[in-house]
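Derivation of every value follows stated rules applied to the coordinates shown; laboratory data play no part. Quantities reported herein were computed from a predicted structural model and do not represent experimental measurements. No Cβ is skipped: glycine too gets one built from the backbone with ideal geometry, and neighbour counts run over all protein chains shown.
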Amino acid sequence: MKSIFPAIKVYALAIVLSFGLSYALAWTAPTSQPPVGNVSAPINTGATAQTKTGPLTILGGITVGTNTASCDTTTKGSIRYSNTSNILEYCNATTWKSIADVISSPAFTSFTAPTVARTGTAFNLSWVTVDAVSCLAGGSWTGLKPVSGSQSITETIASLKTYNLDCTNASGTANGSVSVDVLLSIGTMTTYTGTGAAPSGIAFDGTNMWTANPRGYSVTKITPTGSMTTYAGTGAAPFGIAFDGT
């Protein structure tokens, strides 16, 4: 029995060709789904409708036509490109709607920072968004940022800093902003004592600190390392110090 099938197939093909029918069109535009267990049906290249029940993977781009068919319950779920609005639309069984309408606008769940920071000391900005695709920083920081994350910031200039973050998707933009009052670092206080008496004047020569000692009839130089040198002269009770540049 099996040996007669190839012959029947050849005769059937001969009949198709003898009537001038397109053998290629018969293959590329099937009129029904193949039997169970057979090879998958190819996607139609003709006008014949076809249902694909399994997943469809497209490795390249896909082009959506500008079909002007009406939107009703029979075309629910269809998509088209609108030449009028220049956007991709879908049929909701009643009317054509923009694809962007089904995407929620982005929003901030949180955007936090300390209210006060010090120069030279790092602090963190942290933020969480939902439905955002990209985020762009502005104000006291710049650049693209992840849609959720944190960043360590170290400021060197004392001032009120404002950190803005604009996060977007196809439906819109969410704007987030936090402000940090950056103050000067808390200084370290060091007390120096020496042989001077009753210092009443202080001056800096660019490197060292000088004090005038009225009761000691002298001046004292204090270096950045804390080394103290006292100079005495013939003057009496110096009350101030000034430098002429040399």
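What the table below lists for this structure:
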quantity	calculated
Paired Rg and Dmax values of segment 107-183, which use every Cα atom, in angstrom	12.5, 40
Positive minus negative residues near Ile157 (Lys, Arg vs Asp, Glu; Cβ under 13 Å)	0
FRET efficiency for Ser126 and Ala170, using Cβ-Cβ distance with R0 set to 25 Å, rounded to 0.05	0.45
Net charge, Pro106 excluded, C-beta distance under 11 Å - Lys, Arg +1, Asp, Glu -1	-2
Rh by Kirkwood over Cα pairs, then Stokes-Einstein D for segment 85-139 at 1.306 mPa s and 10 °C, µm²/s	105 µm²/s
